[in-house]
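Structure, as structure tokens:
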Amino acid sequence: MSKLKPPFGPQRRGVSRPTTAHAGQQPERGPRLPAGYSAANSNTRINMPQPFSLVGAKAGLPDPQFALNMGLNSDRQRSVMVSRLREQGIEDERVLAAMQAVPRHAFVDQGLASRAYEDAALPIGYGQTISQPWVVAHMLSVICRDRQPVRVLEVGAGCGYQAAVLAHFVREVYAIERVRGLYEQARDNLARAGSRGRVRLSFGDGMAGLPHAVPFDGIVVSAAGVKIPESLLDQLAVGARLIAPEGTVNQKLILIERVGVASWRRSELENVRFVPLRPGTQN
Ligand code: SAH
């Protein structure tokens, strides 16, 4: 059984966009999350320990039909999610179409499938999370704005969801994950969701990037380091963009554009809370 520990990032915080997830809110059907677990965006309970286990979520599943029905209902649920993303300012039709197509519920534990289309990060084991849908949509939109990248790297594949979304409109997607159990989960999830052949997934420390596959037209980092690793900046093609959360307690999304062979332009975007970028691998 995987270990689930807080924080339940990546989530954004401190931004004034609308959100539908609130602390203590429960879904109309499907499992109730245990007391203490907050599906809220992280402007609530950022540093509070929140005990949670998948065993509890499974045991609390009141409707065994739910997972079966999920396949039928998920198209409609994804439409609702995509409409909400539009209301929250996401405009890139490639990203929206990809998020309409990829079954996010197939990337989380069955006991959490009913919550898969809320605008919340959810635990995936090993103390990590599947990113909040808005975060995924926003990061990919920023990377792809006014361009069509051919080769994109994701550092921190987690359960594989964001890589699957990317693979819907980017020809070569590389993704790397440092936790072996999650790497295996991502591999299986991508296969189940029909995206496996489209994502080149590897197990390793993504802080070093993927030197054998350079240069990248885009790099998306899904975990927050104190500083963005320099090796990643070097692996960007000239004209390409990297987006990454940076910081520890106070984190911001940072956009870096490589504007020349030896020059990069940096801008600060939203306040966010992500799980930490860690060196090395975990078996
Ligand atoms: N992209 C995921 C989010 C996963 S959470 C999604 O689609 O929802 C961030 C992930 O980054 C975690 O799985 C964590 O293990 C991973 N990670 C952290 N540091 C890393 C590193 N140095 N190299 C690769 N993966 C890393």
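What number comes out for the charge environment of residue 266, summing +1 per Lys or Arg and -1 per Asp or Glu over other residues with Cβ under 14 Å away?
+1
Pick out, in residue order, every one of the chymotrypsin sites (Phe, Trp or Tyr not before Pro) in the range 77-146 that is DSSP loop and has at most 11 other C-beta atoms within 10 Å; say none if there are none.
Working: sites: 107, 117, 126, 134; in loops: 117, 126.
Listed in order of number, the matching sites amount to none.
Dipole of the range 39-272, Cα-centred, from +1 at each Lys and Arg C-beta and -1 at each Asp and Glu C-beta, to the nearest 20 debye? List each step's numbers first, then the result.
Working: 26 positive and 23 negative charges, 49 e Å.
In debye, rounded to 20, the range 39-272 gives about 240.
Using R₀ = 51 Å, calculate the FRET efficiency as 1/(1 + (r/R₀)^6) where r is the Cβ-Cβ separation of residue 268 and residue 76; round to 0.05. Mind dumping the intermediate values first?
Details: r = 37 Å, r/R0 = 0.73.
That gives a FRET efficiency of 0.85.
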Any chance you could look up the accessible area of residue 168 with a 1.4 Å probe, heavy atoms only, rounded to 10 Å²? 80
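Would you mind putting 153-159, 197-203 in packing order, based on average other-beta-carbon counts within 10 Å, highest first?
Ranked from most to least packed, the peptides come out as 153-159, 197-203.
Leaving out ligands and nucleic acids, and using a 1.4 Å probe, what accessible area per residue does the range 137-267 come to in Å²? Mind showing how you got there, number by number?
Working: 5070 Å² over 131 residues.
Result: 39 Å² per residue.
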Binned Cα-Cα distances of the range 39-272, short to long, each 5 Å bin given as a whole percent: 1, 7, 14, 19, 21, 18, 12, 6, 2, 1, 0, 0
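Please report, as a whole percent, how much of the solvent-accessible surface of the range 39-272 comes from carbon and sulfur atoms (probe radius 1.4 Å). Walk me through the numbers on the way to the answer.
Numbers: 4690 of 9190 Å².
Roughly 51 percent of what the probe reaches on the range 39-272 is carbon or sulfur.
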How large are Rg and Dmax for the range 93-179 when only the alpha carbon atoms are used, in Å? 12.6, 39
In nm, what is the difference between 0.36 nm times the number of residues separating residue 180 and residue 145 and their Cα-Cα distance? 9.3 nm
Between residue 257 and residue 233, the two model label points (7 Å from Cα along the beta-carbon direction) sit apart by a distance in nm of 1.7
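The values are calculated or read from the model by the stated rules, or taken from the named source; none is laboratory data. On a predicted model such as this, the values are computed, not experimentally measured, just so you know. Virtual Cβ from ideal backbone geometry, glycine too; neighbours counted across all protein chains shown. SASA here: full protein model, heavy atoms, side chains in, ligands and nucleic acids out. Shrake-Rupley method; radii C 1.70, N 1.55, O 1.52, S 1.80 Å.
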